[in-house]
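What follows is a short report on a single structure.
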Amino acid sequence: MSRKAATPSHEFISVDGIDPSAVLVEAKVALGTARRGGISRWDASGVFEELAVADGAAGAPSARTLLLLYAADLAFRLRWQIRPALAEGRTVVAAPYVDTAKAFGRAAGLPPAWLDNLFGFAPRAKRRRFAHARDRRLGAVTDGFVGFSCAHMARGPKAKTGRQVMEETARMLLRLDR
């Protein structure tokens, strides 16, 4: 009598993209019919919500600062949402996850080695999925991590515009999806 291999009751899936609506739709598809599971979304810690209402005197954060805050929020999500759910045998979809942040950082001109080091603490998802915004929608993306960051980050006189960073982030995510 042959023994059938047990299939895992849980899975860790990442969904990355710049359009939060498309990311959420793809996350729901990725979650599928998992009887036990959920979606871990960015800003679970509320740090970006707080940043959005900060006094103007605080100044605009740099792309590097925004990524440090994203990493802190991701550490929060891993500690309080993702790891406990996986330990309970649940399927978890992280939406967005590391690829979105790294693509944003690269588009903003940050060194790949710095980004790899920053997100070195994050475990690899078992499956990676990508949600792509249509080009005509890029200008309408003002929420989600990339939209928020492009709208709020400080720029020097020769820095890329928020739209340029968003477009480059989208191109980088498309390349990762191949």
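Computed from the coordinates by the stated procedures, all read-outs in this text should not be read as laboratory data. In this text, all values refer to a predicted model and were calculated from it rather than measured experimentally. With ideal geometry, Cβ positions are generated from the backbone for all residues, glycine too; neighbour counts draw on all protein chains shown.
At a glance:
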read-out: Within straight-line cross-link reach of residue 160, aspartates and glutamates at Cα separation under 12 Å, skipping those fewer than 8 residues along the same chain; value: 168
read-out: Of 129, 77, 35, the one that fluctuates the most in a GNM where the chain has Cα springs shorter than 10 Å; value: 35
read-out: For the stretch 32-96 and the stretch 109-132, distance of Cα centres in Å; value: 14 Å
read-out: Most mobile listed residue (38, 144, 56) in the chain, GNM with C-alpha springs under 10 Å; value: 56
read-out: For 114, 42, order by how many other beta-carbon atoms lie within 10 Å, fewest first; value: 114, 42
read-out: The chain: DSSP helices with Cα axial extent of at least 30 Å and average Kyte-Doolittle hydropathy no lower than -1.0; value: none
read-out: J(HN,Hα) series, the stretch 35-43, from Karplus relation 6.51 cos²θ - 1.76 cosθ + 1.60, nearest Hz, glycine and proline x; value: 5, 10, x, x, 10, 9, 9, 4, 6
read-out: Likely footprinting exposure, 128, 178, 171, fewest C-beta neighbours within 10 Å first; value: 178, 171, 128
read-out: 169, 91, 65 arranged by Cβ crowding within 10 Å, fewest neighbours leading; value: 65, 91, 169
read-out: Inter-label distance for residue 151 and residue 47, nm, one decimal - labels placed 7 Å from Cα along Cα-to-Cβ; value: 2.0 nm
read-out: Read-out semi-axes √(5λ) of the Cα gyration tensor in Å, derived from the coordinates shown; its label in (i) 26, 23, 17; (ii) 29, 19, 14; (iii) 31, 17, 15; value: (iii)
read-out: Helix-only [θ]222 nm of the chain, DSSP H runs n ≥ 4, -39500 (n - 2.57) each, per residue, nearest 500; value: -13000 deg cm²/dmol
read-out: Residues residue 171 and residue 62, FRET efficiency given R0 of 30 Å [Cβ-Cβ distance, rounded to 0.05]; value: 0.85
read-out: Label-point separation, residue 80 to residue 106 (7 Å along Cα→Cβ), nm; value: 3.1 nm
read-out: Pairwise FRET efficiency - residue 116 versus residue 34, Cβ, R0 = 25 Å, nearest 0.05; value: 0.25
